[in-house]
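Peer 1: Handing you this structure, nothing more for now.
The values are calculated or read from the model by the stated rules, or taken from the named source; none is laboratory data. Everything numeric here is computed off the predicted structure, so don't read it as measured data. Here the Cβ positions follow ideal geometry from the backbone for every residue, glycine too, while neighbour counts run over all protein chains shown. We work out accessible area using only protein heavy atoms, side chains counted, and drop any ligands, DNA or RNA first. Shrake-Rupley method; radii C 1.70, N 1.55, O 1.52, S 1.80 Å.
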Amino acid sequence: MNTSIKFTIITVTYNASRWLERTILSILSQSYPNIEYIIIDGASTDGTIDIIKQYAPGISFWISEPDEGIYSAMNKGLHHATGDYVCFINAGDTLSNADTLQRIAMKIGKKKQLPDILYGETAIVDENGKRLGMRRLKTPKKLTWKSFRMGMLVCHQSFIVKREITPEYDLTYRLSADYDWCIRCLKQATNIYNTHLILSHFLEAGISTTQRKASLKERYAIMCKYYGKFATVLSHVWFALRFYWAKCFKKIV
């Protein structure tokens, strides 16, 4: 197996002691050896630092200091990354299996040119790590930057990008900078590879109604910026119809 491809996994935390250990163990248990693991903590006060210190021998770099929010912390992680590829797996989320990175490396290791972006599916888990099902938005067989006009079709945790094309997160977006970041990465990519694998498990965590509305407002602005207002309005009509159909279908079944 070719182990020359280096993956940088970045975990951003803040008062995440309840979830962090399972995320760390997911990374440290990977069968693939060439991994750089970075943890950026926002000056936690709940025991998160003790967990990081416990596993420090397996962590390539970690820091705990105040930041300006999750995307500011992600930018810090990018600044310290040295791998061929970068992926964000945050506290509570995990890679899907212990051989996830090994299976990716085996798929792309024989290619003449490494893809710019790797992507796959995402399973949803509860707070106990129990799998609840697959993410509602299924990834397209072929992904381009235009695919995201229908929403964030690939979960951030299952979106692996060549470090050399990764931009910084735009901090003007407080809740949806990951959506903007993925689109910008896709616009720069010339070779996008569907792994056809479940790459990550995403923790289903509740967010407030206020946060949800603010996030949707930001996403709407991002969609208008990249796809135009007319196309965005049409897309949102489709979103409304899809939501209504799903709600009615649930009632029927």
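Peer 1: For the range 75-186, with all protein chains present and a 1.4 Å probe, just round the carbon and sulfur fraction of the accessible area to a whole percent.
Peer 2: 47 percent
Peer 1: Now, a different point. What percent do you get for the relative contact order of the chain when only Cα pairs under 8 Å and 6+ apart count?
Peer 2: 21 percent
Peer 1: Rounded, prolate or oblate: which one fits the range 68-153, using the alpha carbon gyration tensor with axes a ≥ b ≥ c (rounded when a/c is under 1.5, else prolate when a/b beats b/c, else oblate)?
Peer 2: rounded
Peer 1: Turning to a different aspect of this structure: How would ILE124, ILE104 line up by accessible area, probe 1.4 Å, largest first?
Peer 2: ILE124, ILE104
Peer 1: So, counting K/R as plus one and D/E as minus one, what does the shell of residues with Cβ under 12 Å around ALA177 add up to?
Peer 2: The answer is -3.
Peer 1: Could you state how much accessible area ASP46 has, in square angstrom rounded to the nearest 10, with a 1.4 Å probe and all protein chains kept in place?
Peer 2: Accessible surface of ASP46 is approximately 60 Å².
Peer 1: Okay, moving on. State to the nearest 20 debye the size of the charge dipole of the range 61-173 about its Cα centre, where the only charges are +1 on K and R beta carbons and -1 on D and E beta carbons.
Peer 2: 980 debye
Peer 1: Tell me the accessible surface of SER17 in square angstrom (1.4 angstrom probe, heavy atoms of protein chains only), to the nearest ten.
Peer 2: Only protein atoms counted, so the area is about 40 Å².
Peer 1: Per residue, how large is the accessible surface of the chain? Use a 1.4 angstrom probe and give square angstrom.
Peer 2: That works out to 52 Å² for each residue.
Peer 1: With a length cut of 18 Å (Cα positions projected on each helix's long axis) and a Kyte-Doolittle mean of at least -1.0, go through the chain and give me the DSSP H helices that pass.
Peer 2: What comes out of the filter, once short or polar helices are dropped, is 209-227, 229-252.
Peer 1: Can you tell which of HIS80, GLY92, TYR14 lies farthest toward the positive end of the dipole of the chain, using +1 and -1 charges on the Cβ of basic and acidic side chains (Lys, Arg; Asp, Glu)?
Peer 2: GLY92
Peer 1: Right, something else. Which of the three applies to the range 33-88, rounded, prolate or oblate, going by the alpha-carbon gyration tensor with a ≥ b ≥ c and a/c under 1.5 meaning rounded?
Peer 2: oblate
Peer 1: A further question follows. Return, ordered by residue number, the residues of the range 157-189 whose backbone nitrogen is under 12 Å from a label point located 7 Å along Cα→Cβ of ILE5.
Peer 2: 160-162
Peer 1: Using a Cα-Cα cut-off of under 18 Å, which aspartates and glutamates could be cross-linked to LYS217, ignoring same-chain neighbours fewer than 8 residues away?
Peer 2: ASP170, ASP178, ASP180
Peer 1: For the chain, what proportion of DSSP beta bridges, expressed in % and rounded to the nearest 5, is antiparallel?
Peer 2: Percentage antiparallel, nearest 5: 30.
Peer 1: Which pairs, out of LYS53/LYS112; LYS162/LYS213; LYS141/LYS225; LYS112/LYS229; LYS112/LYS141; LYS138/LYS225, put more than 30 Å between their alpha-carbon atoms?
Peer 2: LYS53/LYS112; LYS162/LYS213; LYS112/LYS229
Peer 1: For n ≥ 4 DSSP H runs only, could you compute -39500 (n - 2.57) per run for the chain, divide by its residues and tell me the 222 nm figure to the nearest 500?
Peer 2: About -11500 deg cm²/dmol.
Peer 1: What is the magnitude of the charge dipole of the chain about its Cα centre, with +1 placed on the Cβ of each Lys and Arg, -1 on the Cβ of each Asp and Glu, and no other charges, expressed in debye to the nearest 20?
Peer 2: 1580 debye
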